[in-house]
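Here is the structure we will look at.
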Amino acid sequence: MTLAPGYEPIEGSREGAPSTDTLPAGPPPAQGCPHLRGATAGESNGQEGRRLRALGPAPAVELPGRVKARVVVDPGLAERLSAGPHVSRDAARHWPGFREGTRDVDGIIAAWIGTHNALNSYGDDHRQLRSPIAAALTRRRVEAMAPEIELLVHDVLDELGGLGVHEDIDLVQSYALPIPHEVITRLLGVPAQHLPAFSAAAAGLFDTSAAPEDVGRSMGAVLAILDQLVASAREQPEDNLIGDLVRAADASESPLSDTQLRDQLMLIIIAGTETTVHAIGTLLVHLLSHPDQRALVTSGQVSMDAALAESLRLRPPIAAVPLRFAVRQFKDPASGEEFGEGEPILIHLAAAGLDPERYADPERFDVQRAEGSRSLAFGYGPHVCPGAALATREVVIAVRRLLERYPDVRLTVAPDQLPQSASFISNGYASIPGRLA
Ligand code: HEM
């Protein structure tokens, strides 16, 4: 195997670090460049991150589609790279050969980086694409949406009760999933009949074990619907986020094309649904499997917001968001890590949250951490999640109201037996079997 340009072989390069073949689990090392597998039946994203940490703060890995990248597992380095101008999310500008089509990349990585939207942009271009989205998601606007979220959660709880309190239910499908999907479609103004197609596309884009043709099919179906929505919003922009984006795009000095608008909408749907579904499910699992921690929250000694922050640290809904690129060759002085121009970089949020130097006993769920639970779960720097306030509100309302309405709710499968999403991007439970009483 040829190492990506600019890489030194990893094995033996770091004093004291075990070679990959002494690591506890995972794929066979390919001459010092392991494959990033993501969560599998035997290993979570966090555990894979722990294995990678043994190789240094930013080891080289191979991603699906034969892309070589540096995966950053150290939280300090992750923050410096995310915040600094030396690193970009714009593959078209900063990954030589990508725009020209001379680079061999397909499947999930191509689907994530091949669109032009707030996530995949840099500098002034990023500011222009991000500002109308951020304006729609300010804390004030989220507070104004809270009563509507309460009503929606109330309705979903009624439906849940209708399934039978002594029946086996899946808390993902019947509770965690409908709430964020309804919120996003209402926020954007997408007609409810399109919700199943968006849900399928969002799930498809997070499955990093999916075949390239399947990824293409999920994307194609949803892009066709978005094209129609953009066309009708161009004719008559309404009072919703699609209308806001069209008005901002038209008012801009460099107006966005229909395709760019569509890519922005796609980003919001992808970013705002699967993530929040996992945040609700994972917080429920953490609280239901730690009665002492749950009691601290339900008694009011600790806020549900603090419990959510701890849950996000321990198992962030996004393990890693593809992809960043070094704008030029540089060295990070604090870690001594060097990055070659155009080198792909993947920030591993799930590993960063489990860093033993930042968090004492990092794998323990502790809603009263002395050092606090602040983490990189919502990202860091200019691309930090603009939907964090909305997501926090949704998750806190959803989990609080479920525990109030059904205080005897319980898991029927041990947490370590719950099926995980097969992905190194999304990080959560595919289903959470439980009973309401
Ligand atoms: C618990 C739920 C959520 C989590 C954990 C989460 C996490 C993240 C992360 C890690 C990033 C990338 C940051 C980076 O690269 O530095 C991101 C970006 C983004 N998120 Fe979220 N997110 C959540 C919910 C939402 C919601 C509800 C929305 C919108 C309604 C949203 C919209 C976005 C957008 C538009 C971006 C791209 C921002 C940019 O590149 O400037 N997210 N999110």
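The values are calculated or read from the model by the stated rules, or taken from the named source; none is laboratory data. Quick caveat, the model's predicted, so the values are computed rather than measured. Heads up, the Cβs are rebuilt from the backbone with ideal geometry, glycines too, and the neighbour counts pull from every protein chain shown. Heavy atoms of the whole protein, side chains included, go into the accessibility calculation; ligands, DNA and RNA do not. Shrake-Rupley method; radii C 1.70, N 1.55, O 1.52, S 1.80 Å.
Within the accessible area of the chain, the carbon and sulfur atoms contribute 51%, probe 1.4 Å, all protein chains present. When the square roots of the Cα gyration tensor eigenvalues are ordered a ≥ b ≥ c, the ratio a/c for segment 374-432 is 1.5 or more and a/b does not exceed b/c, which makes its shape oblate. Packing around the peptides 337-345, 362-370, taken as the average count of other Cβ atoms within 10 Å per residue, puts them in this order, highest first: 337-345, 362-370. For segment 234-246, backbone phi angles converted through the Karplus equation (6.51, -1.76, 1.60; θ = phi - 60°) give residue-by-residue couplings of 4, 5, 9, x, 9, 8, 8, 5, 4, x, 4, 5, 5 Hz, Gly and Pro being listed as x. Separation of segment 60-119 from segment 239-267 is 24 Å, based on Cα centroids. With the simple spin-label model, which puts each label point 7 Å out from Cα in the Cβ direction, the residue 227 to residue 141 separation comes to 2.8 nm. At 0.36 nm per residue, minus the direct Cα-Cα distance, what do residue 414 and residue 163 gain on full extension? Give it in nm, one decimal, please. Here the answer is 88.2 nm. At what distance in angstrom do the alpha carbon centres of segment 312-332 and segment 287-306 lie from each other? Centre-to-centre distance over Cα atoms comes out at 31 Å.
Suppose all protein chains stay in the model; what accessible area per residue would a 1.4 Å probe give for segment 235-305, in Å²? Walk me through the numbers before you get to the answer.
Details: 2970 Å² over 71 residues.
Accessible area per residue: 42 Å².
Amide H contacts for residue 137 (H built 1.01 Å from N in the peptide plane; partners 5 or more residues away or on another chain; cut-off under 5 Å): none found. Shape of the chain from the C-alpha gyration tensor: oblate (a/c of 1.5 or more and a/b not above b/c, with a ≥ b ≥ c the square roots of its eigenvalues).
Using alpha-carbon positions, what is the distance between the centroids of segment 140-163 and segment 171-223, in Å? Between the Cα centres of segment 140-163 and segment 171-223 lies a distance of 20 Å. Among the GluC sites (Glu not before Pro) found in segment 234-290, those both in a DSSP coil and sparsely packed, with 14 or fewer other Cβ atoms within 10 Å of their Cβ, are 238, 253. Applied to segment 377-382, the Karplus parametrisation 6.51 cos²θ - 1.76 cosθ + 1.60 on θ = phi - 60° returns per-residue 3J(HN,Hα) values of 4, 9, x, 7, x, x Hz, with x for Gly and Pro.
Checking the a/c ratio against 1.5 first, then a/b against b/c, what shape does the Cα gyration tensor give for segment 43-111?
Working: a/c = 2.60, a/b = 1.40, b/c = 1.86.
Verdict is oblate for segment 43-111.
With a Förster radius of 25 Å applied to the C-beta separation of residue 173 and residue 404, the computed FRET efficiency comes to 0.70. Computed over segment 20-435, relative contact order equals 27 percent, with contacts defined as Cα pairs under 8 Å that lie 6+ residues apart.
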